[in-house]
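A short worksheet on the structure shown next.
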Amino acid sequence: MTRAEKEKIPPGVIVWFQKNGWMDVSLMKEYVDYFNNNRSGDPVMLVYDSFKGHLEASVKSKFCESDVHLAVIPGGLTSICQPLDVTINKPFKDYLHQEWHLWMGSGGVGITANGHLRRAKVSDVCGWVKRSAR
């Protein structure tokens, strides 16, 4: 059982992660399946940055089979070409950072037996995300 399975995830939050914390092709394919199972089926276009997991042939093929068109923003131009980064992602990240600071300031972090800072629980982080999506 993973850490996330042991903890209560707030309703309305979906959690996918890997031990190393990085998105890769296999997780991206799971996302494509989830996305396709939770949309109307009308043709759509998704705008992605040039992360290699988005551009892998099998991922692009999976999107294409479902009538999902991909627009890829060249590296280094995301903040210029993707207004969502400025209007939605930036404020969201600011709120999330504020949640983290509040948690740290309230003593939520604690120290492990080895003297390291304790990690936040997955359920705590999910709560931060949910509150930050104002």
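Read-outs throughout are calculated quantities, based only on the coordinates presented, and are distinct from any laboratory measurement. Quick caveat, the model's predicted, so the values are computed rather than measured. Please note: Cβ atoms are built from the backbone with ideal geometry, for glycine as well, and neighbour counts cover all protein chains shown.
Numbers below:
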| quantity | calculated |
| --- | --- |
| Kirkwood Rh in Å, taken over the chain so that all alpha-carbon pairs contribute | 17.4 |
| Per-residue ³J(HN,Hα) for segment 47-58, Karplus 6.51 cos²θ - 1.76 cosθ + 1.60, θ = phi - 60°, Hz, x for Gly and Pro | 9, 10, 7, 8, 4, 4, x, 6, 9, 4, 3, 5 |
| Charge context of Lys29, other residues only, Cβ under 13 angstrom, K/R +1, D/E -1 | -3 |
| Virtual spin-label span in nm between Val13 and Ala71, 7 Å along Cα→Cβ | 3.2 |
| Fraction of the pair-distance distribution of segment 82-134 above 13 Å, Cα-Cα pairs, percent | 63 |
| Taking the C-alpha atoms of segment 1-78, convex hull volume expressed per residue in Å³ | 124 |
| Per-residue HN-Hα couplings for segment 126-133 [Karplus 6.51, -1.76, 1.60; θ = phi - 60°; Hz; x = Gly/Pro] | 4, x, 4, 4, 4, 5, 6, 8 |
| Fully extended contour minus Cα-Cα distance, from Lys60 to Asp94, at 0.36 nm per residue | 9.1 nm |
| Efficiency of FRET between Ala133 and Thr78 - r from beta-carbon atoms, R0 25 angstrom, step 0.05 | 0.80 |
| Neighbourhood charge, 9 Å Cβ-Cβ cut-off, centred on Val109 and excluding it, Lys, Arg +1 and Asp, Glu -1 | +2 |
| Euclidean distance between Cα centres, segment 27-101 to segment 108-134, Å | 26 |
| Residue pairs, from the table Lys19/Lys60; Lys62/Lys121; Lys29/Lys90; Lys8/Lys29; Lys60/Lys121, whose Cα atoms sit over 29 Å apart | Lys62/Lys121; Lys60/Lys121 |
| Table column - 3J(HN,Hα) (Hz), segment 33-41, Karplus curve with 6.51, -1.76, 1.60, x for Gly and Pro | 4, 4, 4, 5, 7, 10, 9, 6, x |
